[in-house]
Amino acid sequence: MDGLTWGVVVVALLLGIAWYLSYSAARLDRLHSRVEGALSALDAQLVRRAEATLELVNSGGLDPASALILAGAASESLEAHNERAGDDLLEGQNFAGRELIESDLTEALQIALSPQAVEEVRRVPGEAGEAALGRVRAAAVRVQLARRFHNDAVKDVQRVRRKAVVRWFRLAGHAELPQTIEFDDELPPTVGE
């Protein structure tokens, strides 16, 4: 092989490597965007769950103690969202430590919505109680799904960022490694009946 052939082979090899690095960087960027979108969706679903909980409290079917517990937990969840709304929610792709607050709301729902309490809510005249329970259940299911989608997206980013080529060529730039969001999001079984 003469010098020209070697030159063509080297240029082709360099172009192939450049294409692969560009493709990998673009893929990683898309995965980070997917995490950001999933985090926004999760945040929106958590707001809906808190609002549905407040609607349930206002339906009039809960005893005052349960209503107070639920109202406090839902209000705290909304306040945490509003405090973060002024900042960039996606900055650092973190959840701003809201896991404990959202777990507290889930725990309050589990405590307040005992089988007897659910029956009382369903006895509210008209269909306000039943409708409020349905909205809480639907919002809680959407929270579970949104958290699952977010965590799946984070795991995809983490998997790609563990690859040697991504680390060697610093294809992730200075972006923080996103973390999964873990909090209790189980709904009491009596609500889903």
Taking the stated definitions as given, is THR180 surrounded by fewer than 17 Cβ atoms within 10 Å (Cβ to Cβ) and closer than 21 Å to ALA80 by Cα? yes
Quick one: LEU15 ticks every box in (1) open to solvent by 20 Å² or more (accessible area, probe 1.4 Å); (2) under 18 Å from the mean Cα position of the chain (by Cα); (3) modelled with pLDDT of 95 or more except a single one, so which number is it? (2)
Of all residues making up region 104-130, the number that are surrounded by 15 or more Cβ atoms within 10 Å (Cβ to Cβ) and in a loop (DSSP other than H, G, I, E, B): 2
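Do we find a residue being under 12 Å from the mean Cα position of the chain (by Cα), in a helix (DSSP H, G or I) and either over 20 Å from HIS32 (Cβ atoms) or hydrophobic (A, V, I, L, M, F, W, C) (or both) anywhere in region 152-172?
In the first step, residues of region 152-172 are kept if they are under 12 Å from the mean Cα position of the chain (by Cα); the result is 152-154.
This time we only want the ones that are in a helix (DSSP H, G or I), so: 152-154.
From what's left, either over 20 Å from HIS32 (Cβ atoms) or hydrophobic (A, V, I, L, M, F, W, C) (or both): 153-154.
Yes, because at least one residue in region 152-172 is under 12 Å from the mean Cα position of the chain (by Cα), in a helix (DSSP H, G or I) and either over 20 Å from HIS32 (Cβ atoms) or hydrophobic (A, V, I, L, M, F, W, C) (or both).
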Cβ-Cβ distance below 9 Å, separation of 6 or more or different chains: which pairs start in region 1-27 with a residue that is under 20 Å from ALA164 (Cα atoms) and end on one that is assigned to a helix (DSSP H, G or I) and open to solvent by less than 100 Å² (accessible area, probe 1.4 Å)? TYR20/VAL165; LEU21/VAL165; SER24/VAL160; SER24/VAL165; SER24/VAL166; ALA25/VAL166; ARG27/VAL160
Scan (1) at pLDDT 95 or above; (2) surrounded by 19 or more Cβ atoms within 10 Å (Cβ to Cβ) for the single condition LEU39 breaks and write down its number. (1)
Among (1) at pLDDT 95 or above; (2) loosely packed, with under 14 Cβ neighbours inside 10 Å; (3) more than 26 Å from PHE95 (Cβ to Cβ), the one test that TRP6 misses: (1)
Would you confirm, using the coordinates I've provided, whether LEU133 is of a type outside the set (Gly, Ala, Ser), more than 20 Å from SER40 (Cα to Cα) and buried (at least 18 other Cβ atoms within 10 Å of the Cβ)? yes
If VAL166 meets every condition in (1) open to solvent by 60 Å² or more (accessible area, probe 1.4 Å); (2) of a type in the set (A, V, I, L, M, F, W, C); (3) over 23 Å from GLU102 (Cα atoms) apart from one, which number is that one? (1)
Pairs under 9 Å by beta carbon, first residue among the acidic types (Asp, Glu) and part of a loop (DSSP other than H, G, I, E, B) in region 73-88, partner surrounded by 12 or more Cβ atoms within 10 Å (Cβ to Cβ) and modelled with pLDDT under 95, six or more apart or different chains? ASP87/ALA96
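Is it the case that region 118-138 has a residue that's charged (D, E, K, R) and under 20 Å from the mean Cα position of the chain (by Cα)?
Here is the first cut: in region 118-138, the residues charged (D, E, K, R) are 119-120, 122-123, 127, 130, 135, 137.
From what is left, the residues that are under 20 Å from the mean Cα position of the chain (by Cα) are 135, 137.
There is at least one residue in region 118-138 that is charged (D, E, K, R) and under 20 Å from the mean Cα position of the chain (by Cα).
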Residue selected from region 146-155 under the condition free of Cβ contacts under 8 Å to residues at least 60 places away in the same chain and under 16 Å from LEU46 (Cα atoms), by the criterion surrounded by the most Cβ atoms within 10 Å (Cβ to Cβ): ASN151
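The values are calculated or read from the model by the stated rules, or taken from the named source; none is laboratory data. Note that the structure is predicted; figures quoted are calculated from it, not measured. Every residue, glycine among them, receives a Cβ derived from its backbone with ideal geometry; neighbour counts consider all protein chains shown. With ligands, DNA and RNA removed, areas are computed over all heavy atoms of the protein, side chains included. Shrake-Rupley method; radii C 1.70, N 1.55, O 1.52, S 1.80 Å.
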